[in-house]
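Please read the structure below before turning to the comments.
The values are calculated or read from the model by the stated rules, or taken from the named source; none is laboratory data. Quantities reported herein were computed from a predicted structural model and do not represent experimental measurements. Ideal geometry is used to build each Cβ from the backbone, glycine not excepted, and the neighbour counts take in all protein chains shown. The protein model used for the area step is the full one, side chains on, heavy atoms only, and it has no ligands, DNA or RNA in it. Shrake-Rupley method; radii C 1.70, N 1.55, O 1.52, S 1.80 Å.
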Amino acid sequence: MANNTKIEWTDATWNPIRGCTKISPGCAHCYAETFAERFRGVPGHPYELGFDLRLVPSKLAEPLKWRSSKMIFVNSMSDLFHDGVPDEYIHSVADIMMKADWHTYQILTKRSERMASLLQTTLRFAGEAPHIWWGVSVENRAHGLPRIDHLRSAPARIRFLSVEPLLEDLGAFDLSGIHWVLAGGESGHGARAMKPEWIRALRDHCRHQGVAFFFKQWGGIHKKKAGRILDGRTHDEYPVK
């Protein structure tokens with residue numbers, strides 16, 4: 001587990017899985033892949049195998065050891081619902097989250113259909129837990145908006161959207177059943193630009209539908225310089241549990 005994460009909307013990360021594969025335009029400049037591949041071939045390093053998908057059972061129990069309450073982003077370096085992760089292992093991750101219930105967990109996926117299917121069946125016990133938040137990535141209309149419908153169909157207590165990177169104007173879409181939207185532009189080398197009118201429209205859309213809104217960053221090659229001030233203020237709203 002990593003404490004003091006640089007991710008603005010969470011406190012810590014927990015990675016019982018490492019590695020992933022690209023499935024949509026939002027994956028094009030994956031920060032996790034860029035980081036992991038720096039260490040490919042380094043003997044003994046956690047990312048000696050680069051961004052190849054692999055399970056890390058030795059990391060499963062980590063939240064039980066962290067006694068102070070944290071907001072934990074689950075699998076910042078992977079996707080819990082990747083098709084290479086067995087159902088049994090996903091259940092093991094959920095079991096730990098249920099046992100270490102003094103933390104709040106944030107699970108984010110692009111594999112929304114599989115997540116919804118499991119939450120409707122064998123993961124239902126975890127979906128109804130108030131300390132576990134379930135989310136999907138929404139980078140554009142074609143790939144992202146259908147994921148919202150999948151998420152909405154799941155019996156989850158807290159549902160959220162990660163609209164990062166925001167690659168186009170999402171237009172008007174249904175936010176019913178969604179409790180939180182975090183959004184921002186892409187950062188790093190080759191970052192695709194986010195237009196101010198896109199993020200303003202999304203913020204206003206959340207406001208009109210009563211959904212908490214968190215603005216992470218403008219992004220770009222120098223994201224710290226660009227900052228995260230939107231129309232003179234930060235937006236750090238979180239959902240009410």
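Can you tell me which residue in the stretch 198-241 is modelled with the lowest pLDDT, limited to those that are among the charged types (D, E, K, R) and surrounded by 12 or more Cβ atoms within 10 Å (Cβ to Cβ)?
Checked the stretch 198-241; the qualifying residue modelled with the lowest pLDDT is LYS223.
More than 13 Å from LEU161 (Cβ to Cβ), at pLDDT 95 or above and within 17 Å of the chain's Cα centre (by Cα): which single residue out of LEU145, LEU80 fits that description?
LEU80
In the stretch 79-99, is there at least one residue being open to solvent by less than 10 Å² (accessible area, probe 1.4 Å), in a strand (DSSP E or B) and of a type outside the set (D, E, K, R)?
no
Hey, among the residues in the stretch 167-190 that are of a type in the set (A, V, I, L, M) and part of a loop (DSSP other than H, G, I, E, B), which one's farthest from TRP9 (Cα to Cα)?
Top of the filtered list is ALA172.
Tell me, please, whether a residue that is under 18 Å from TYR238 (Cα atoms) and either in contact with a Lys or Arg (Cβ under 7 Å, 6 or more places away or on another chain) or open to solvent by 50 Å² or more (accessible area, probe 1.4 Å) (or both) can be found in the stretch 184-197.
yes
Note down all Cβ pairs under 8 Å where the first residue falls in the stretch 72-101 and is within 24 Å of PHE35 (Cβ to Cβ) and in contact (Cβ under 8 Å) with a residue 12 or more places away in the chain, the second is β-branched (Val, Ile, Thr) and in a helix (DSSP H, G or I), and they're at least six residues apart or on different chains.
Correct list of pairs: VAL74/VAL93; LEU80/ILE90; LEU80/VAL93; PHE81/ILE90.
From the list HIS150, HIS179, which residue is surrounded by 15 or more Cβ atoms within 10 Å (Cβ to Cβ), in contact (Cβ under 8 Å) with a residue 40 or more places away in the chain and not aromatic (Phe, Trp, Tyr)?
Residue meeting the stated conditions: HIS179.
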